[in-house]
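Coordinate-derived values only; no laboratory data. Remember, predicted model here, so these are calculated numbers, not experimental data. With ideal geometry, Cβ positions are generated from the backbone for all residues, glycine too; neighbour counts draw on all protein chains shown.
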Amino acid sequence: MGKNAVDRRAIAFAAAAVAVSFGATAALANDDAVANFYKGKQVNIIVGSSPGGGYDLYGRLVSRYIGKYIPGTPRVVVNNMPGAASVVALQNIYNIAPKDGTVIGAVYPGAIMEPLLGDRAKARYDVTKLNFIGSANSELYVCVVRTDTGVKTFDDFVTKGIVLGASAAGGSTRDFPNLLKSVLGAKFKIVSGYPGSNEISLAIEKNEVQGVCGIGWSSVASTRPQWIDGKDAKVIAQEGLNSSPVLDEKKVTMTISRAANEQQRQVMNMFYAPLEFGRPFVMAPGVPDDRVTAIRSAFVASLKDADLIAEAKKMHIEVDGLGGPEIQKLVAELFAAPPDAVAKARQIIGAGM
């Protein structure tokens, strides 16, 4: 190899070393700046629901651990701001709260989807401009049916005129069976008005209704494990994009697999994709990038904390995190869905009719 070639390699290597050193120095400088900002400050997690509910539990669980992973180790406090299924909280975060990185929102996925599928005038925020921090878990919904109905297969389930219990308009136990009626032609009879999934489950046990759709798999598994084994009732379908290994072993049908064409799949995706970010945490637009990056890293680290995992196990809640950039990408894809799929989804929910 010639002397000139050796010299060029030496120069290139030296330049690369300088670049790496400069990058490391810049990263350290950013870390120092972030730590200096957060030192002695208070970070507020605004939970868009009442105290004691599932979203409040996740918000408070994360609050107990995320602080030690944020540079500068700020104090972390939870505030509840219920109203309009987290729309009130998200509007506050977007329009009123400080945009300096000291406010994090823990909101319903429905609030994220509100500008697309709900009341567009009510949702005074642009979801595509939010900084998504991550999600504390993803969700899978299921359909359950009483075993004395004679339903053996998913085809039986959608054709026999099964009576399903449901909550009020806007709840998953009402919207998800209506989705199957609209897209797959299911013959369900829906009895609405139950306060929540626990009351619907009790109604199934009392034979007031014969089943339910749009109920959380984690809820069924933790509160009615006998249904997993088909005692009195059984899980007949999985509603989501990702299935449960337990239910796959039992060959429980994924409803989206029954979509007959791409349009049907797109409509079902409008309902199922948001389940991937079942417990989303967000920050307002305008927060400095280095602070967003630091909070995202702290969020991921907190969900991997052994003490948090142990506490979640004692609380019987699942922690299955999804990173902020992944949610950002998923939300962007949802908001870029074909207009006909969006219109169909809005019609099913009852908005825009």
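Using θ = phi - 60° and the Karplus form 6.51 cos²θ - 1.76 cosθ + 1.60, what ³J(HN,Hα) does each residue of segment 93-110 get, whole Hz, x for Gly and Pro?
4, 6, 10, 10, 5, x, 10, 10, x, 9, 10, 10, x, 10, 10, 6, x, x
Counting DSSP beta bridges in segment 141-273, what percent are antiparallel, to the nearest 5? Don't jump to the answer; show the numbers that get you there.
On the way: 10 of 16 bridges.
Here the share of antiparallel DSSP bridges comes out near 60 percent.
Could you list which residues have their amide H under 5 Å from that of Ile46, counting only those 5 or more apart in sequence or on another chain, with H placed in the peptide plane?
Asn79, Ile104, Gly105, Ala106
Hey, got a sec? Which trypsin sites (Lys or Arg not before Pro) in segment 208-286 land in a DSSP loop and have at most 15 other Cβ atoms within 10 Å? Could the numbers behind the result be given before it?
Details: sites: Lys231, Lys234, Lys250, Lys251, Arg258, Arg265; in loops: Lys231, Lys250, Lys251.
Taking segment 208-286 and a limit of 15 other Cβ atoms within 10 Å, the loop trypsin sites (Lys or Arg not before Pro) found are Lys231, Lys250, Lys251.
Averaged over all directions, how much area does the convex hull of the C-alpha atoms of segment 141-273 cover when projected, in nm²? Walk me through the numbers on the way to the answer.
Values: hull surface 28.3 nm².
Quarter of the Cα hull surface area: 7.1 nm².
Need one number: % antiparallel among DSSP beta bridges in the chain, to the nearest 5. Can you show the working numbers first?
Values: 18 of 34 bridges.
If I count the DSSP bridges inside the chain, around 55 percent turn out antiparallel.
On alpha-carbon atoms, Rg over Rh for segment 116-167 using Kirkwood Rh? Intermediate values should be presented prior to the final figure.
Details: Rg = 18.9 Å, Rh = 15.6 Å.
In segment 116-167, Rg relative to Rh is 1.21.
Amide H neighbours of Tyr141 under 5 Å, counting only residues 5+ apart in sequence or on other chains, H built in-plane at 1.01 Å?
When sequence neighbours closer than 5 places are left aside, the close amide H contacts are Trp217, Glu239.
Of the labelled options (1) -0.29, -1.00, -1.30; (2) -0.48, -1.16, -1.24; (3) -0.36, -1.01, -1.26, which one gives log10 I(q)/I(0) by the Debye sum over Cα atoms at q = 0.07, 0.13, 0.15 Å⁻¹ as computed for this structure?
It is the value labelled (3).
Find the relative contact order for the chain and round it to a whole percent, using C-alpha pairs within less than 8 Å whose residues are 6+ positions apart.
Details: 619 pairs, mean separation 83.5, N = 353.
Rounded, it is 24 percent for the chain.
Can you list the residues, at least 5 places off or on another chain, whose amide H is less than 5 Å from the amide H of Thr253, using H built in the peptide plane?
For Thr253, whose amide H was placed from the backbone, the distant partners under 5 Å are Gln238.
For Lys189, give me every one of the aspartates and glutamates with a C-alpha distance below 18 angstrom, ignoring sequence neighbours fewer than eight places off in its own chain.
Correct list for Lys189: Asp148, Asp155, Asp156, Asp175, Glu199, Glu205, Glu208.
Cut-off under 18 Å on the C-alpha distance; same-chain residues fewer than 8 positions from Lys234 excluded. Which lysines are left, in chain and number order?
Qualifying lysines at Cα under 18 Å: Lys152, Lys160, Lys206, Lys250, Lys251.
Dipole of the chain, Cα-centred, from +1 at each Lys and Arg C-beta and -1 at each Asp and Glu C-beta, to the nearest 20 debye?
Numbers: 38 positive and 33 negative charges, 37 e Å.
With Lys and Arg at +1 and Asp and Glu at -1, about 180 debye.
Under the rule of -39500 (n - 2.57) per DSSP H run of 4 or more residues, summed and divided by the residues of the chain, what mean residue ellipticity at 222 nm is obtained, to the nearest 500 deg cm²/dmol?
On the way: 14 runs with 166 residues, N = 353.
About -14500 deg cm²/dmol.
Just want the answer: with Cβ charges of +1 for Lys and Arg and -1 for Asp and Glu, which residue in Asn178, Gly240, Ser218 is farthest toward the dipole's positive end in segment 141-273?
Sorting the options by dipole projection puts first Asn178.
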